[in-house]
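The values are calculated or read from the model by the stated rules, or taken from the named source; none is laboratory data. Just so it is clear, the model here is predicted, and its values are computed rather than measured. Cβ sites come from the backbone with ideal geometry, for glycine too, and all protein chains shown count toward neighbours. These accessible areas exclude ligands, DNA and RNA; they are computed on the full protein's heavy atoms, side chains included. Shrake-Rupley method; radii C 1.70, N 1.55, O 1.52, S 1.80 Å.
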Amino acid sequence: MNENLYSLFESRFPADRARPLMILEDGREISYGEAEATCARYASLLAGLGLAPGDRVAVQVEKSPEALLLYLACLRAGLVYLPLNSAYQQGEVGYFLGNAEPGAVVAQPRSMPWLEPLAAGRGIRHVFTLDEHGQGSLVQAAGAASPQFATVQRASSDLAAILYTSGTTGRSKGAMITHRNLASNATVLHAYWGFRPDDVLVHMLPLFHVHGLFVACHCVLMNGTAMRFHAKFDARRALADFARSTVFMGVPTFYTRLLAEAGLTREACAGMRLFVSGSAPLLAETHAQFEERTGQRILERYGMTETGMLTSNPLAGERRPGTVGFPLPGTSVRVVDDEGRACAAGEIGHIQVKGDNVLPGYWRLPEKNKEEFTADGFFRTGDVGTFSADGYLSIVGRSKDLIITGGYNVYPKEVELAIDELPGVAESAVVGVPHPDFGEAVTAVVVARPGATAPTESEVIAWLKSRLANFKVPKRVFLVEELPRNTMGKVQKNVLRDRYAGKGA
Ligand code: MCA
Ligand code: AMP
């Protein structure tokens, strides 16, 4: 049996391949048959370049139907898909290419002036373009390639993707995701959320992270049905689509933006059967307001890049606001104290997880793997939580120094290191403070070097915009004489979070 994830999807495709997989904003439809043929062309092209199973393909493109088909093509050809946020800047991409050593790169035409020399310097021979309209040298070259491709044989332990996640040290690590990880999670979610033959999903998430690529697209592919496919989130377009769809998935910012629309009513959502939220905490207040306006109870679930989805509120049964529900079938979730002893219900501890959905380890980081897994094989999530007596998990904090802004993760260390390189800066601290739109806002506190001219807020922001993805750039920068420290000399970030609460926007 071929354990290639693509084969699992293929087994779920509708018998009538003329049925749509993607319905685009302009009404154009891409059928399952068309998707199969185009993805076969991409796979033929990549394999024809001499890329062998296990080779990495780095992809930094804007969202387009072709980007999804390229992902499927990589699976099909046994290549390891390496998606990169389109907001990443040259320095960030340079690190990923150096670390992952891909055999090919597909990127936005606007990146070529720096990407081509970067790729050449790293010995990457194949560079293609793909723009937000689905045009570029990739599509041109694939036009001449075969629309037939025999899906490459893969074992379930073979890698399907590498997703980079930043780390508390400021250094990114590549999470290795196998065909088994993805297949198990896709199978479980499709069943747990009760997908039906008439489901139509509204897709507005980016395609370079787990939520949009794996959770949303995999559910659709497992269901063999259609998604209304949008370039990005837009509250009004979402509302228009709810009238002709059944399922929506989003980060909490999507829901707060929807609540700001007068058109969000019970009638507008009457045909919808499921609203899913994840990637960041959904305020109980947002949950309540959404129910009041629409009659729909948002289903909150919890996951990580490294683990896929871990817990979910139930489809039938109580969806409890402020909780992330129960461990998904096949996933073990435990809460332990600092010594690794199981916590009783109601006690707060570290969340650790195990299951077919959990990554085998980080790319070329054997020491990290030892740190991140317990002796009995549980992965340390870095999240802190508690189980209720009736089994609902609540996430109450994080032991990792992490900010989640609009569903994107920002590790303060990475931003601090970039600020500290700025002339005139002695040191800095970056914290997340509550933000009405993004949940948390990246906020920087900067101390100038004695005798040096301190950079202004706008200088710090301009400096960071030139080197980091835009969502990592602080919304506000405060210049101070010194940082608060405890008796051990450690910066007291909780003091900063309190001091700047309400000043993050
Ligand atoms: C954009 N901006 C942001 C963010 N996005 N700032 C902070 N946080 C953000 N998330 C800034 C830009 O830098 C820009 O600032 C300004 O907002 C406008 O940019 P634009 O691109 O127009 O913003 P937008 O289209 O309104 O995007 C906001 C968004 C988007 C729709 C919330 O960020 C988004 O789609 N987020 C979803 C993220 C996601 O998919 N996460 C899942 C990760 P300036 O003008 O100053 O440059 S997977 C995961 O976490 C796990 C596995 C899980 O459980 O799902
Ligand atoms: P990422 O590394 O981007 O995959 O982000 C994973 C992290 O997002 C988790 O470790 C949690 O801290 C957070 N997260 C995901 N879903 C939720 C949720 N429903 N509630 C709270 N935090 C969440």
Exercise. Has region 333-347 got at least one residue that is in contact with a Gly (Cβ under 8 Å, 6 or more places away or on another chain) and within 16 Å of ligand 1 (Cβ to nearest atom)?
Worked result: no
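Going residue by residue through region 321-330, is there one that turns out to be without any contact (Cβ under 8 Å) to a residue 12 or more places away in the chain and away from ligand 1 (no atom under 12 Å from the Cβ)? Even if it seems obvious, please write down each step before you answer.
The initial filter retains those residues of region 321-330 that are without any contact (Cβ under 8 Å) to a residue 12 or more places away in the chain, namely none.
For region 321-330, residues without any contact (Cβ under 8 Å) to a residue 12 or more places away in the chain and away from ligand 1 (no atom under 12 Å from the Cβ): absent.
Which of the following residues is among the β-branched types (Val, Ile, Thr) and more than 13 Å from ligand 2 (Cβ to nearest atom): VAL396, VAL415, VAL410, VAL384?
Values: VAL396 fails: more than 13 Å from ligand 2 (Cβ to nearest atom); VAL410 fails: more than 13 Å from ligand 2 (Cβ to nearest atom); VAL384 fails: more than 13 Å from ligand 2 (Cβ to nearest atom).
From the options VAL396, VAL415, VAL410, VAL384, the qualifying one is VAL415.
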Problem set entry | Of all residues making up region 371-381, the number that are within 15 Å of ligand 2 (Cβ to nearest atom) and more than 20 Å from the chain's Cα centre (by Cα) | 1
Seminar exercise, completed: In the set GLU414, GLU440, the lone residue that is part of a strand (DSSP E or B), of a type in the set (D, E, K, R), within 16 Å of ligand 1 (Cβ to nearest atom) and within 20 Å of ASN85 (Cβ to Cβ) is GLU440
For this session: Using the structure shown, decide if ARG171 is surrounded by fewer than 22 Cβ atoms within 10 Å (Cβ to Cβ), in a loop (DSSP other than H, G, I, E, B) and at pLDDT below 95.
Result: yes
Exercise. Pick from region 427-446 the residues that are open to solvent by 30 Å² or more (accessible area, probe 1.4 Å) and in contact with a helix residue (DSSP H, G or I) (Cβ under 8 Å, 6 or more places away or on another chain): which of them is nearest to ILE461 (Cα to Cα)?
Worked result: GLU427
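Say whether the condition of being of a type in the set (Ser, Thr, Tyr) and under 30 Å from SER399 (Cβ atoms) is met by at least one residue in region 132-144.
Here is the first cut: in region 132-144, the residues of a type in the set (Ser, Thr, Tyr) are 137.
Narrowing the set further to residues that are under 30 Å from SER399 (Cβ atoms) leaves none.
Looking for residues that are of a type in the set (Ser, Thr, Tyr) and under 30 Å from SER399 (Cβ atoms), one finds none in region 132-144, hence no.
To keep it simple, each residue is scored yes or no on (1) farther than 19 Å from ILE403 by Cα; (2) in contact with a Leu (Cβ under 9 Å, 6 or more places away or on another chain); (3) not β-branched (Val, Ile, Thr).
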residue: ALA280; (1), (2), (3): no, no, yes
residue: THR286; (1), (2), (3): yes, yes, no
residue: GLY295; (1), (2), (3): yes, no, yes
residue: ILE298; (1), (2), (3): yes, yes, no
residue: THR311; (1), (2), (3): yes, yes, no
residue: ALA316; (1), (2), (3): yes, no, yes
Exercise. Only one of (1) of a type in the set (Gly, Ala, Ser); (2) touching a Pro at 6+ places or on another chain (Cβ under 8 Å); (3) more than 30 Å from VAL415 (Cβ to Cβ) fails for ALA43. Which number is that?
Worked result: (2)
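How many of the residues in region 421-435 are under 17 Å from GLY167 (Cβ atoms) and either hydrophobic (A, V, I, L, M, F, W, C) or in a helix (DSSP H, G or I) (or both)?
In the first step, residues of region 421-435 are kept if they are under 17 Å from GLY167 (Cβ atoms); the result is 430, 432.
Next cut, either hydrophobic (A, V, I, L, M, F, W, C) or in a helix (DSSP H, G or I) (or both) only: 430.
Adding up the residues that qualify gives 1.
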For this session: Could you tell me which residue of region 76-86 is farthest from TRP363 (Cα to Cα), considering only residues that are of a type outside the set (Phe, Trp, Tyr) and within 18 Å of the chain's Cα centre (by Cα)?
Result: SER86
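For region 32-43, state whether one or more residues are within 23 Å of PHE208 (Cα to Cα) and acidic (Asp, Glu).
From region 32-43, those within 23 Å of PHE208 (Cα to Cα) are 32, 34-43; that's our starting set.
Okay, now just the ones that are also acidic (Asp, Glu), so 34, 36.
Yes, region 32-43 contains a residue that is within 23 Å of PHE208 (Cα to Cα) and acidic (Asp, Glu).
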Exercise. Among the residues of region 257-279, is any within 16 Å of ligand 2 (Cβ to nearest atom), under 19 Å from the mean Cα position of the chain (by Cα) and closer than 30 Å to ARG364 by Cα?
Worked result: yes
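Within region 153-165, can you find the residues that are closer than 26 Å to HIS211 by Cα, polar (S, T, N, Q) and part of a loop (DSSP other than H, G, I, E, B)? Step through it out loud before you land on a result.
Our first condition is that a residue be closer than 26 Å to HIS211 by Cα; within region 153-165, this holds for 154-165.
With polar (S, T, N, Q) added as a condition, the list becomes 156-157, 165.
Hits for region 153-165 are SER156, SER157.
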For this session: Tally the residues that are open to solvent by 60 Å² or more (accessible area, probe 1.4 Å), part of a loop (DSSP other than H, G, I, E, B) and touching a residue at least 12 places away in the same chain (Cβ under 8 Å), restricting the search to region 457-505.
Result: 8
For this session: Report the residue count in region 181-229 for those that are out of contact with any strand residue (DSSP E or B) (no Cβ under 9 Å at 6 or more places or on another chain), surrounded by fewer than 22 Cβ atoms within 10 Å (Cβ to Cβ) and assigned to a helix (DSSP H, G or I).
Result: 4
Exercise. Of all residues in region 383-411, which are assigned to a strand (DSSP E or B), open to solvent by less than 30 Å² (accessible area, probe 1.4 Å) and under 25 Å from GLU92 (Cβ atoms)?
Worked result: ASP383, ILE403, ILE404, THR405, VAL410
